[in-house]
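In what follows, a single structure is set out as structure tokens and then discussed.
The values are calculated or read from the model by the stated rules, or taken from the named source; none is laboratory data. The shown structure was predicted, so the numbers you read here are calculated from the model rather than taken from an experiment. Please note: Cβ atoms are built from the backbone with ideal geometry, for glycine as well, and neighbour counts cover all protein chains shown. Only protein heavy atoms, including side chains, enter the accessible area calculation; ligands, DNA and RNA are left aside. Shrake-Rupley method; radii C 1.70, N 1.55, O 1.52, S 1.80 Å.
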Amino acid sequence: MFILTELIIYAAYLVLDITDNMPEMSSLLKFLSVCLCFFVVDTHVHDIKRIMALTVAADFFLVLTDFYSTGIFLFIMVQMNYYRFLTKTDCFPLEHFAAMVCAGSILSVLINFFIMPIDINAFLAVTYFSSLVLNAFIAIRLSPLYNEYRYIAICLCLILCCDVHVGVTNVFSSGIWYSFGLIAMWLFYLPAQVIIAQLYSTKSLNLPYSSQIR
């Protein structure tokens, strides 16, 4: 029922986006789809439940409000918790967070100097993207050790595809790449969230690939 519901919502907002109709309804459907993913995740999988809760909060600010800085910062926290989960860290990875902020700062300075001006949203986005790329690399590298990491790697790569198109829509203001980017963001994004939610749903935790509950 969960997968079927998400497929219906997925098809509905894609049709609205492709036809450029009812953008408010499309936004509500997108937010609803992520909320459903949160409720499906089993409460015993604390790290993933926390990740999904932060994801819902981030999408609320990015999809339904103009508080983009808050939404991007919350997505940085999502990636910090993915890092914590992937590396089996027991507490918030403060040193890793500081390292990602430093990396984001250096990259932002380079982008600002050589490519385009950088504001606070762009700085947060660069920091977030750096964290996402690193987590995707870690998940891919560890996937032979933990079966579920293969699914997490797929999820993070899909989110990476989503965010590349988010960047496209911020670099270009018109044209085919801009138009496709507007659709492609959520074309890749929701499947990633559904994979994670289904992987750690109550019904799935007894399957062979579910080797850990944290």
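Working from label points 7 Å from Cα in the Cα-to-Cβ sense, the Ile111 to Thr19 distance is 3.5 nm.
Evaluate the charge dipole of the range 33-105 about its Cα centre and quote only its size in Debye, nearest 20, assuming +1 on the Cβ of each Lys and Arg and -1 on the Cβ of each Asp and Glu.
Value, rounded to 20: 100 debye.
Each Cα pair under 8 Å and six or more residues apart adds its separation to the average, and for the range 32-169 the resulting relative contact order is 17 percent.
The alpha-carbon positions of the range 1-124 define a convex hull whose volume is 129 Å³ per residue.
Considering only Phe73, Phe97, Ile8, the residue lying farthest towards the positive end of the dipole of the range 1-123 is Phe97, judged by Cα position with unit charges set on Cβ. Comparing Ser27, Ser173, Ser130 in a Gaussian network model of the chain where C-alpha atoms under 10 Å apart are linked, the largest mean-square fluctuation is found at Ser173. Placing unit charges on the Cβ atoms only, positive for Lys and Arg and negative for Asp and Glu, gives the chain a dipole magnitude near 600 debye about its Cα centre. Counting only heavy atoms of the protein chains and using a 1.4 Å probe, Phe67 has close to 130 Å² of accessible surface.
Report, in deg cm²/dmol and to the nearest 500, the calculated mean residue ellipticity at 222 nm for the chain, where each DSSP H run with n ≥ 4 adds -39500 (n - 2.57) and the sum is divided by the residue count.
Calculated mean residue ellipticity at 222 nm is -27000 deg cm²/dmol.
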